[in-house]
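First the structure, in the form of structure tokens, and then the observations on it.
The values are calculated or read from the model by the stated rules, or taken from the named source; none is laboratory data. Treat the numbers as computed from the prediction; the structure is a model and nothing was measured. All Cβ positions, glycine included, derive from the backbone under ideal geometry; neighbour counts span all protein chains shown. Side chains are part of the model used for accessible areas, which takes the heavy atoms of the whole protein and leaves out ligands, DNA and RNA. Shrake-Rupley method; radii C 1.70, N 1.55, O 1.52, S 1.80 Å.
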Amino acid sequence: MRYEVHAATGLLAGVRQVLSPHQDERPAGTAADLIILHGISLPPGEFGGPWIDRLFTGSLPPGAHPYFAQIAGARVSAHLLIRRDGTPVQYVPFGARAWHAGVSEYEGRSACNDFSIGIELEGTDEVPYEAAQYATAAAAINALLRAYGDLSASRIVGHSDVAPGRKTDPGPSFDWARMRALLA
């Protein structure tokens, strides 16, 4: 599969768009030069359903699951989600700042949301990710590398790398060697 990023809009052509209000402009003169991979499941350990869309659009119903009461007011988003079956969903244009990394630092630079693209993979630290997710992630990352000259395959990290001690995703179940081989 091959994806293309529409340069004027920052959208990945041909994928479902669910635009999040949880985004803003990057600081003036700041381009994305880092890709951060995350793992997400809602409720924790469960896959499928509308809950990630609802979280990223600020419409998660607190009464739908006990865990949701803790996070329903969270103002979070990512640029892209890759479902278990490999289906991508885009929430924030790549040129805008998504709110995915939280308190974070990489190579001495804090506030990683300012200079990164966040890609969520539906999964957990303990459950292996699916082959379709790796294939879609590689195709999307390759599209980003073609579209944005400041990005590099050598600057792809996990959420755990920018928020150590606070975050563990995408976790030990993520096969970094497999991802790098697909990008080579």
- Working only within the range 138-181, note down all residues that are modelled with pLDDT of 95 or more, open to solvent by 20 Å² or more (accessible area, probe 1.4 Å) and more than 21 Å from Thr124 (Cβ to Cβ). Asn142, Leu145, Arg146, Ala147, Tyr148, Asp150, Ser152, Ala153, Ser154, Arg155, Arg180, Ala181
- Note on the structure: Filter the range 28-56 for residues that are open to solvent by less than 60 Å² (accessible area, probe 1.4 Å) and more than 23 Å from Ala163 (Cβ to Cβ); the one that is nearest to the chain's Cα centre (by Cα) is Asp53
- Message: Looking at Glu25 and the list (1) open to solvent by 50 Å² or more (accessible area, probe 1.4 Å); (2) within 29 Å of Met179 (Cβ to Cβ), which single condition is not satisfied?
- Response: (2)
- Query: For the range 87-118, how many residues are without any contact (Cβ under 8 Å) to a residue 40 or more places away in the chain and under 29 Å from Met1 (Cα atoms)?
  - Reply: 1
